[in-house]
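Data block below; observations after.
Bear in mind these aren't lab numbers, they're just calculated from the coordinates by the rules spelled out. Model, not experiment: these values are computed from the prediction. Methodologically, a virtual Cβ is constructed for each residue, glycine included, from the backbone with ideal geometry; neighbour enumeration extends over all protein chains shown.
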């Protein structure tokens, strides 16, 4: 996330909104995928980097999985919140395209729902490749790109999804969600899956695993039911190729 870019300014401006939104238990989609995400990442005891850590919830999951976690975000308010919650072992205020680490420092790099907020995805992935160890692993979660190209026709659970415009190309998205007395302003970039695949390839990664997770509807998460019909997220694992 470029500190001078639109996305840094956006997330700096809505930091307090995000803290309230993300930290309310069972409120947003994270909670419905939390257990599956931990299983997808797996146990480990190496050094992990959480890029775009926000208030630190993924860092806390990585810590629970056994990793020694470094949490990074360009928004200083988010890093302070992660520190306050004791989310990781180390912290830094830095963008995804300018990571303040030496080469080959991490066994695992995680970018959970971050790349949609990055102005220059290819540069970010090249930075991930630089700081990951030769036998390391990259884990990415992105919102399923199709979601930004159309709405559901109504609030009915079985309503059709309506594609508007074209799926191809890169475009800016902005929107507001309201639920349970909280409001969150989202903004970022939509682009096809192919764009992520090409950027990974050009950065020197090979995709080794792909998942389209289904939400856990327990604990009052009925609002996530429609995402059992089509995916909300796509998860990827990738390994660095030898130079």
> By how many degrees, 0 to 90 and rounded to 10, does the Cα axis of helix 193-203 deviate from the longest principal axis of the chain?
Replying inline: 0 degrees
>> Nearest 5 percent is fine: what portion of the DSSP beta bridges confined to the chain is antiparallel?
In response: 55 percent
> According to the square roots a ≥ b ≥ c of the eigenvalues of the Cα gyration tensor, what is the shape class of segment 57-148, taking rounded for a/c under 1.5, prolate for a/b larger than b/c otherwise, and oblate for the remainder?
Replying inline: rounded
> So what is the relative contact order of the chain, in percent, for Cα pairs below 8 Å that sit 6 or more residues apart?
Replying inline: 19 percent
> Arranged from highest to lowest average of other beta-carbon atoms within 10 Å per residue, in what order do the peptides 184-195, 49-60 appear?
Replying inline: 49-60, 184-195
> Out of [x] 59, 40, 36; [y] 87, 42, 31; [z] 50, 38, 35, which label holds the value of Cα extents along the principal axes in Å that was computed here?
Replying inline: [z]
> By count of other Cβ within 10 Å, fewest leading, how are 180, 73, 7, 120 ordered?
Replying inline: 180, 120, 7, 73
> For the chain, what does -39500 (n - 2.57) per DSSP helix run (n ≥ 4), summed and divided by total residues, give at 222 nm, in deg cm²/dmol to the nearest 500?
Replying inline: -8000 deg cm²/dmol
> In segment 33-164, what percentage of the DSSP-assigned beta bridges are antiparallel, given to the nearest 5?
Replying inline: 5 percent
> Taking the chain as a Gaussian network, where each spring joins two C-alpha atoms under 10 Å apart, which residue of 68, 86, 137 fluctuates the most?
Replying inline: 86
>> Mean-square fluctuation check for the chain, GNM, Cα pairs under 10 Å: which of 69, 93, 162 is largest?
In response: 162
